[in-house]
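First comes the structure, then the notes that go with it.
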Amino acid sequence: MCRRSQVGARFDLSGGWAENALVLAFLFVDGLGLSHDPRSALQRLNLPTLRALSGGFSQEPFNRPNLAYRVLDARLGVEGLPQSGTGQTTLLTGLNAAQMLGYHQGPHPLSKLQTLLQQDSLQVWATQQGLRVLHANAYRPEYLEKVQTSRRNLLSAFGFAARAARLELLPIHHPQALLPAFWPEPEAAGARFAQIAQQHDLTFLECWALDYTAHRMPEKLDERWLELDRFLEGFLNANPTATLLLTADHGNAEEPWHTQHTLNPVPLIVYGALAGKVPAMHSLTDLAPWIRQQFVGLI
């Protein structure tokens with residue numbers, strides 16, 4: 001059990017869920033790696049919610065009541081810096097996309113990765129099983145127009161998989177759409193994510209602010225870390241019935257002294273009813289098969 005008096009957060013990790021509750025809120029955070037370097041925001045900043053959920057950004061897995069924490073390799077056995085296209089495709093399919101290509105590819109999935117996503121992504125699989133699936137990211141109208149008219153893919157692997165599953169890409173003012181980053185009121189946005197997720201079996205939200213800021217405005221990274229922490233606090237304080245799943249494709253924002261991706265592992269946080277069912281995991285390839293397995297028995 002962790003309370004704010006111990007780690008700085010108001011939420012209580014001992015909260016209960018129905019044993020058969022299977023509602024999953026998948027929060028993908030681009031560029032969130034693990035680092036013990038004292039220069040890292042993970043060590044410098046007061047991030048009570050993230051710290052509570054990760055055991056102080058541990059490099060070792062652990063289990064607690066309603067909380068499972070794993071450390072995942074993002075290198076995928078391939079030389080070079082991990083990239084978003086192959087990392088995200090691997091997360092969503094369980095297939096080692098970087099190994100299949102022989103290299104890391106990003107940021108947007110090209111033709112071979114697109115084929116994998118069309119055939120094997122969680123979004124496509126879940127909709128084929130009749131599950132209620134939502135891609136909650138809010139898109140600006142001008143961006144949606146470019147996506148429709150461009151000859152090349154402008155979407156991330158998450159967005160492309162949503163489109164392959166014939167999920168609606170939501171305009172910014174849609175009642176079920178959420179800003180993917182830069183939340184004016186992070187706690188309220190987190191609570192809204194919890195509320196929206198409860199209306200679906202599987203809800204995806206892709207938060208790209210850390211990676212974007214690390215590449216382009218590293219001096220602003222502290223703001224994005226604090227914003228994410230407050231978003232998570234809002235989600236947890238909403239007493240969600242949905243299990244929260246948080247993970248990343250590669251490291252980047254944990255090392256603000258440069259603008260490149262890193263070789264660091266990434267966290268996997270599972271908080272809620274499914275936490276007690278999380279097996280040992282070691283790689284980005286381990287996640288999608290486990291998610292499918294949780295739903296199979298209920299379909």
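Things worth noting here:
- Within the chain, longest stretch free of exposed GluC sites (Glu not before Pro) [DSSP loop, at most 11 other beta carbons within 10 Å]: 80-299
- Over segment 156-232: Kirkwood hydrodynamic radius from C-alpha pairwise inverse distances, Å: 13.6
- Packing order of peptides 101-112, 262-273, highest average first: 262-273, 101-112 (average count of other Cβ atoms within 10 Å over each peptide's residues).
- Angstrom value of the Kirkwood radius, inverse mean 1/r, which spans all Cα pairs in segment 106-190: 13.8
- Positive-pole candidate from Val71, Leu32, Ala177, dipole of the chain, charges at beta carbon: Ala177
- As a rough guide to protection, the peptides 81-89, 115-123 ranked by mean Cβ packing within 10 Å, highest first, stand as 81-89, 115-123.
- Ranking of Phe62, Phe28 by count of other Cβ atoms within 10 Å, fewest first: Phe62, Phe28
- Per-q log10 I(q)/I(0), the chain, q = 0.07, 0.08, 0.10 Å⁻¹ (Debye; single scatterer per alpha-carbon; no solvent): -0.23, -0.30, -0.48
- Using C-alpha pairs below 8 Å separated by at least 6 residues, the relative contact order for the chain is 33 percent.
- With both residues required to sit in the chain, DSSP beta bridges show an antiparallel share near 45%.
Bear in mind these aren't lab numbers, they're just calculated from the coordinates by the rules spelled out. A quick note: this is a predicted structure, and the numbers were derived from the prediction, not measured. Neighbour counts run over all protein chains shown; Cβ positions are idealised from the backbone, glycine included.
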